[in-house]
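The values are calculated or read from the model by the stated rules, or taken from the named source; none is laboratory data. Remember, it's a predicted structure, so these values are computed and weren't measured experimentally. Positions of Cβ are generated from backbone atoms using ideal geometry, with glycine treated the same way; all protein chains shown enter the neighbour counts.
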Amino acid sequence: MSALDPASHHSVEFLYRDHHGWLQGWLRGKLGSAFDAADLAHDTFVRILVDRNAQLIREPRSYLATIAGRVVVDHYRRQALERAYLEALAHWPQPLALSCEERAILLEALYEIDAMLDGLGSRLKQVFILSQLEGLTYAQIAERLNMGLRTVNKYMAQAVAHICLMQP
């Protein structure tokens, strides 16, 4: 990451100094955990640093609440994904159990897949998952979701294009 220009750095410094305590309290009220609030307040300021637009902020608390709200949504999404993964893993036969390192790698891959699918609408995501994870044919997907085969084809094309655009 390149160095911040002095004006942006100065703006973030003032934003942090003047509003960090408020943001952490706001997050603590939403999350019920001082530790999670501290982590997510940090993540919020990291996003602001990455965006490099702190000097443009006119309503700091409103802006911070908006960014922090997105961070909270991502936090809950990751928690739900991790719970689902651990629940599925608990049902695996013991000889197939993964090491801690393998679990961490697989969980990180799931986070990345979830982030790639995040921009898709719910129907597109559902069609993509049925095709790629459950191995259903387009005809089976069309039947299961009560939609036309052309629609399934169109949705898959849109999903694949979206995912390809997400690749570095």
Under 30 Å from residue 154 (Cβ atoms) and within 13 Å of the chain's Cα centre (by Cα): is that true of residue 119 in this structure? yes
Going by the conditions given, is residue 35 under 25 Å from residue 118 (Cβ atoms), within 24 Å of the chain's Cα centre (by Cα) and of a type in the set (Phe, Trp, Tyr)? no
If you go through the range 72-89, how many residues are under 8 Å from the mean Cα position of the chain (by Cα) and not acidic (Asp, Glu)? 4
Consider the range 28-52. How many of its residues are among the hydroxyl-bearing types (Ser, Thr, Tyr) and part of a helix (DSSP H, G or I)? 1
Among the residues in the range 98-118, are any among the β-branched types (Val, Ile, Thr), free of Cβ contacts under 8 Å to residues at least 40 places away in the same chain and not assigned by TED's automatic domain parsing to the domain that holds residue 26? yes
Can we say residue 165 is in a helix (DSSP H, G or I) and exposed (fewer than 15 other Cβ atoms within 10 Å of the Cβ)? yes
